[in-house]
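In what follows, a structure is listed as structure tokens, so that the remarks can point back to it.
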Amino acid sequence: MVTLSATEGIPATHAARLVELVQRWSVSEAEVLADLGFDARDLAEPDFRIPIPAVIALVERARALTGEPGLGFHLGLQMSSTAHGYLGFAAMSASTLRDALELAIQYAPIRTTAVVLNLEVAESSAAVVIDERADFGSARDVVLLGLLVGLWRMGNLVLGREVPESVLEVTFPEPDYYARFRRMNPRVRFAQPANRLVFDPALLEARLVSADPIALRLAQEQCDRLLDSMGSDSPVVDHVRRLVLRRDAGVRSFEELAAAVRVSPRTLRRRLADARVSFSTLLDEARRDRALQLLRSRSVSTKDVAERVGYSNVANFMRAFRRWTGQTPAAYRREHGTPG
């Protein structure tokens, strides 16, 4: 997790969806936006971003005015691909679900840097993983459930059918309000090691009902322009940052990383050098981000966190953590942890 600047956050279109949603509870636009530092005109601007502190304030205001703590489920169920602009159009125009997800992962930074997407494929399951790069505080459950339920719904739309066997996994404990949503699809598992949408890997090769090669090319051209304008990392650097840590525990070797990004170790070293970034720097950043995420769940011990980010010695992990944050793991957890 990294500290985002005041200009970074989430696209205004997502905040606009929340403003539309709360009107079901007879809450007006003016009520939910009062004194938040932006208004309906801002939400209508395609390039406007809502800073993370304002996102948290907006979610808490919406919960208080509606009396509905489970807004994340409602947000996710109204999600559509078009809400994601050119990225959404590119994904829905892809040939297969795998292609759509790979496009979403590649171009996600043009929508937000607050979260990072990754695709993990095993023999018996596949998963879209959401890694948090920002602290969403008390709005965390709404943001993560909204994203995961939204991904599930958009997958159903582009496949032309519901996939009820999919499962959501989140790192925070089960909230009291989940009892009212327990019978709905998709099912949710709480207090898990990662935030994921898990599904049958056979679906990755399923054809999309909205596949359109011409629309895909046009949307990709726009996405490439937006990505270039941001000065984003090269795809190889981005892949290394995401894959250097194993999902369960430990660190991948340099040779394993090269195989994962489909280049030779020699080529990978050259590309990292061209990008002026070292393997050790990317590993350090990945360890920091994963540790901050895990420490927000009090069900994971400090020893387990250390092991999951590749430290066999807790003392070494604690020294690294103080270098990253200026705090001990315990102090960070007291300030940011979710009860569990």
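The values are calculated or read from the model by the stated rules, or taken from the named source; none is laboratory data. Bear in mind the structure is a predicted one, so any value in this text is a computation, not a measurement. With ideal geometry, Cβ positions are generated from the backbone for all residues, glycine too; neighbour counts draw on all protein chains shown.
For the condition assigned to a helix (DSSP H, G or I), closer than 27 Å to M154 by Cα and of a type outside the set (D, E, K, R), what is the one hit in A202, A259?
A202
Quickly run through the range 174-195 and pick out the residues that are in a loop (DSSP other than H, G, I, E, B) and closer than 23 Å to E132 by Cα. Once the filter is applied, which keeps residues that are in a loop (DSSP other than H, G, I, E, B) and closer than 23 Å to E132 by Cα, the range 174-195 yields E174, P175, P186, F190, A191, Q192, P193, A194. Here is a list of conditions, (1) touching a Gly at 6+ places or on another chain (Cβ under 9 Å); (2) hydrophobic (A, V, I, L, M, F, W, C); (3) free of Cβ contacts under 8 Å to residues at least 60 places away in the same chain; (4) surrounded by 18 or more Cβ atoms within 10 Å (Cβ to Cβ), and V209 meets all of them except one; can you say which number that is? For V209, the exception is condition (4). Checking each residue of the range 184-198 against the condition of being in contact with a strand residue (DSSP E or B) (Cβ under 6 Å, 6 or more places away or on another chain), closer than 18 Å to A94 by Cβ, in the same structural domain as V115 (by TED's automatic domain parsing) and surrounded by 16 or more Cβ atoms within 10 Å (Cβ to Cβ) gives at least one match.
Once the range 90-105 is narrowed to residues that are crowded, with 21+ Cβ neighbours inside 10 Å and within 19 Å of S229 (Cα to Cα), the residue that is modelled with the highest pLDDT is A90. Looking only at residues of the range 225-258 that are surrounded by 14 or more Cβ atoms within 10 Å (Cβ to Cβ) and more than 22 Å from R288 (Cβ to Cβ), we find that the one that is modelled with the lowest pLDDT is L227.
Do we have any residue at all in the range 21-38 that's in contact (Cβ under 8 Å) with a residue 60 or more places away in the chain, assigned by TED's automatic domain parsing to the domain that holds W152, part of a helix (DSSP H, G or I) and under 26 Å from L168 (Cα atoms)?
The answer is no; no qualifying residue exists.
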